[in-house]
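The values are calculated or read from the model by the stated rules, or taken from the named source; none is laboratory data. Here the structure is a predicted model, which means the values were calculated and not measured. Heads up, the Cβs are rebuilt from the backbone with ideal geometry, glycines too, and the neighbour counts pull from every protein chain shown.
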Amino acid sequence: MTSPQEELLPGTRRALLHRVAVAQREGRAPSLVAAVVRDGRTVWSGTRTSVEGEAPDGEVQYRIGSITKTFTAVLVLRLRDEGLLDLADPLERHLPGTGVGGVTVVDLLAHRAGLAAETPGPWWERTPGSLRPELADVLGERPLIHPVGRRFHYSNPGYALLGALVEELRGAPWADVLRREVLEPLGLHRTTAEPVAPHAGGWAVHPWADVMQPEPLENLGVMAPAGQLWSTTGDLARFAAFLAAGDERVLSAESVREMRTPAAPAEAADVADGYAYGLGMELRHQHGRALVGHTGSLPGFLACLTMSLADDVGAVVLANCTSGPAPFTVAADLVRIVAEAEPRIPAPWRPLREADSAALDLVGQWYWGTYAFGLRLSADGLLALEPLSGKGRRSRFRPDGDDGWVGLEGYYAGEVLKPVRRPDGTVSHLDLGSFVFTRQPYEEGAAVPGGVDADGWRGLS
C-alpha cells in the first residue's frame, strides 16, 4: 500500500522539508512540525527539533492560540443554522447584562464590534484565568473603544463573549459543547482544552543568545474561547479539510463558505497587506494566491492553518516558542511549493446531463450599453456572466425559479437576472438589477433606458 508520504514527488517532499528545516533553524524554534493537506487528507508531514532523537510527530499536541477562535465561530454558526439566533441579533437578546449588549453576534465574529483588543491587565495570556472570573473582568470599564460596526479591530474579549453566548444557549460549558458538537464528529480526538500527553512544552528563546526558559501554561478561564485549545498537525489537517468542504454532521458547505467570506470593514493597512477577516477566519493574499485560515500564538507557542481552495492545498505549522519562525509565512510557502511543483489536475470536462432549453435561450453575447459580455451555461447548471474585454463586473448566477437567476458573487451578488420575453416567448433583453442587456449595442426597438437615437449609428460628419 502506498503511504500518504509517497503521494508527493521526491523533489516536492525535499523542498517541503528544506523549508521547514530553514524555518526551525533561522527561527530558533525548539521544535517545529508541519503538515500539508490535499484532496481532504494529509499528503506530507515533517518535523525539525533541537532534541536529538525525540522528533515530535503528528500526534504531539501544541497550543494553537487564536485558531481556537475558528472553532468557536463554528459553534456560533451551528446555533444560527439551528434557528436559535440570528447573526444580526444584538448580544443583549441572548446574553443580557454584559454592558455591550448592543453589538451584534456578527459584529463579534468579524471583530467589528469596537471592543478593545485585550483585557485589562495583567497580561491575560501569562496569568491564571482565575484572576478574571467574570465577563466584566475581561471587558473592563471601557470595553468599547471604537464605534460599533465601523472598523475592523481584532478583539480577544469579543470571542470570550461568543463563548459565553454558546454556554448560555447550550446550557453547558464551552469546552464540553465543542467536544460534543465539533471535535468528536470530526474525529479530532487529539484536540483538547487542556494538554494531554504527549504534548510540547512552551519556551521563550532569548532574542540575543541561544538560551531559553519555559513559559507558563495557564488555563485562560472565560477567555478560553479566544485561545485555549491544544491540537496536533494531524487534527488540524482534518479540520482544514472540514473548513474547505463542510460536513453535514457539524456545519454545511454553505455555512463554512460564509465563514470564509469577508465580513469586516478593511483598514487601509490591511488592504495593502492583502488581509481581510470573515467569520472566525483570516483571508490573506500571498504569492498571488488567496489563502484562508487562521494564525495563533500564546506565550511559548506559534501556530497557523491556511488553505488555497483554488489549488486544493492546505498547510499546518506549529512551533513551541514565543517568537521566531513566522508560521503564516512558512505555511504559505508550503502551499506554494506543492501548488507550483504539482499543480492540481482538473477534473475532466463533462457536458450537462440535460440541457435546459430556457437557459440555452440566454447564452451568448450581450451588451450593456456598449460593453460586451458573454453569458455561458456551465455543467454545474449555473450561468456565468463575464466581460469579453477581460475587465469589468462578473458573476455566476443560480436558478431561482420563475425564469429568474440570482447572482452569487461580486457586484451582482444577490441581484436578480431576469430574462424579459416577447409575447411569442423569445427573449427580448435581460434585466439585471435595472441594467438592460441587449443582443446588440443600443439595439433598435429594445427597452433601453433613455431610448435609442432614431438615426442609429453613424460616422463623424
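Descriptive notes on the structure:
- Residue check, SER428 of a type in the set (S, T, N, Q), farther than 14 Å from GLY369 by Cβ and part of a strand (DSSP E or B): yes
- Residue list for segment 140-157, filter: surrounded by fewer than 19 Cβ atoms within 10 Å (Cβ to Cβ), assigned to a loop (DSSP other than H, G, I, E, B) and more than 22 Å from the chain's Cα centre (by Cα): GLY140, GLU141, ARG142, ILE145, HIS146, PRO147, VAL148
- Among (1) out of contact with any helix residue (DSSP H, G or I) (no Cβ under 6 Å at 6 or more places or on another chain); (2) of a type outside the set (Lys, Arg); (3) assigned by TED's automatic domain parsing to the domain that holds SER428 - the single one LEU352 does not satisfy: (3)
- Among the candidates VAL43, VAL20, VAL33, residue that is at pLDDT 95 or above and in contact with a Lys or Arg (Cβ under 6 Å, 6 or more places away or on another chain): VAL20
- In segment 231-256, the qualifying residues are those that are within 12 Å of PHE71 (Cβ to Cβ) and of a type outside the set (Val, Ile, Thr), and the one that is nearest to the chain's Cα centre (by Cα) is LEU243.
- Criterion (surrounded by 12 or more Cβ atoms within 10 Å (Cβ to Cβ) and out of contact with any Cys (no Cβ under 7 Å at 6 or more places or on another chain)) met by exactly one of ALA355, ALA384: ALA384
- Subset of segment 285-311 that is on the phi > 0 side of the Ramachandran plot and more than 14 Å from the chain's Cα centre (by Cα) - its residue that is surrounded by the fewest Cβ atoms within 10 Å (Cβ to Cβ): GLY288
- For segment 184-226, a residue qualifies if it is touching a helix residue (DSSP H, G or I) at 6+ places or on another chain (Cβ under 7 Å) and either farther than 20 Å from LEU236 by Cβ or aliphatic (A, V, I, L, M) (or both), and the qualifying residues are LEU186, LEU188, ALA193, PRO216, GLU218, ASN219, LEU220, GLY221, VAL222, MET223, ALA224, ALA226.
- Unique residue being among the charged types (D, E, K, R) and either in contact with an Asp or Glu (Cβ under 7 Å, 6 or more places away or on another chain) or outside the structural domain of LEU139 (by TED's automatic domain parsing) (or both) when the list is ARG170, ARG190, ARG238: ARG190
- Condition broken by ALA310, with the remaining ones in (1) assigned to a loop (DSSP other than H, G, I, E, B); (2) closer than 27 Å to THR49 by Cβ satisfied: (2)
- Test result for ALA326, assigned by TED's automatic domain parsing to the domain that holds THR232 and over 18 Å from PHE71 (Cα atoms): yes
- The listed residues are GLY374, GLY407, GLY314, GLY381, and the only one of them that is at positive phi and among the small types (Gly, Ala, Ser) turns out to be GLY381.
- From the options ALA172, ALA164, ALA160, residue that is farther than 23 Å from ASP235 by Cα, among the small types (Gly, Ala, Ser) and assigned to a loop (DSSP other than H, G, I, E, B): ALA172
- Put simply, of ARG344, ARG376, ARG350, ARG398 the only residue that is more than 27 Å from THR295 (Cα to Cα), touching a residue at least 12 places away in the same chain (Cβ under 8 Å), assigned to a loop (DSSP other than H, G, I, E, B) and among the charged types (D, E, K, R) is ARG350.
- Candidates in segment 233-279 are the residues that are touching a residue at least 40 places away in the same chain (Cβ under 8 Å), touching a His at 6+ places or on another chain (Cβ under 8 Å) and outside any helix (DSSP H, G or I); of these, the one that is farthest from HIS294 (Cα to Cα) is ALA264.
- Within segment 20-52, the residues that satisfy the criterion of being part of a strand (DSSP E or B) and over 25 Å from the mean Cα position of the chain (by Cα) are SER31, THR47, ARG48, THR49.
Rundown of residues vs (1) over 24 Å from PRO157 (Cβ atoms); (2) surrounded by 13 or more Cβ atoms within 10 Å (Cβ to Cβ); (3) of a type in the set (Lys, Arg), yes/no style:
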residue	(1), (2), (3)
GLY246	yes, yes, no
GLU254	yes, no, no
GLU258	no, yes, no
PRO262	no, yes, no
ALA266	no, yes, no
VAL271	yes, no, no
TYR275	no, yes, no
LEU279	no, yes, no
LEU283	no, yes, no
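- Just one residue in the set GLY27, GLY46, GLY11 is closer than 23 Å to ARG63 by Cβ, among the small types (Gly, Ala, Ser) and surrounded by fewer than 22 Cβ atoms within 10 Å (Cβ to Cβ); that residue is GLY27.
- If only residues of segment 121-139 that are over 29 Å from the mean Cα position of the chain (by Cα) and closer than 16 Å to GLN228 by Cα are counted, the one that is surrounded by the most Cβ atoms within 10 Å (Cβ to Cβ) is ARG132.
- Inter-residue pairs, beta-carbon under 9 Å, first in a strand (DSSP E or B) and in segment 59-72, second at pLDDT 95 or above and among the basic types (Lys, Arg), 6+ apart: GLN61/ARG190
- Failed item in (1) modelled with pLDDT under 95; (2) crowded, with 20+ Cβ neighbours inside 10 Å; (3) aromatic (Phe, Trp, Tyr), with TRP174 passing the rest: (1)
- Odd one out for SER155 among (1) polar (S, T, N, Q); (2) free of Cβ contacts under 8 Å to residues at least 60 places away in the same chain; (3) within 12 Å of LEU220 (Cα to Cα): (3)
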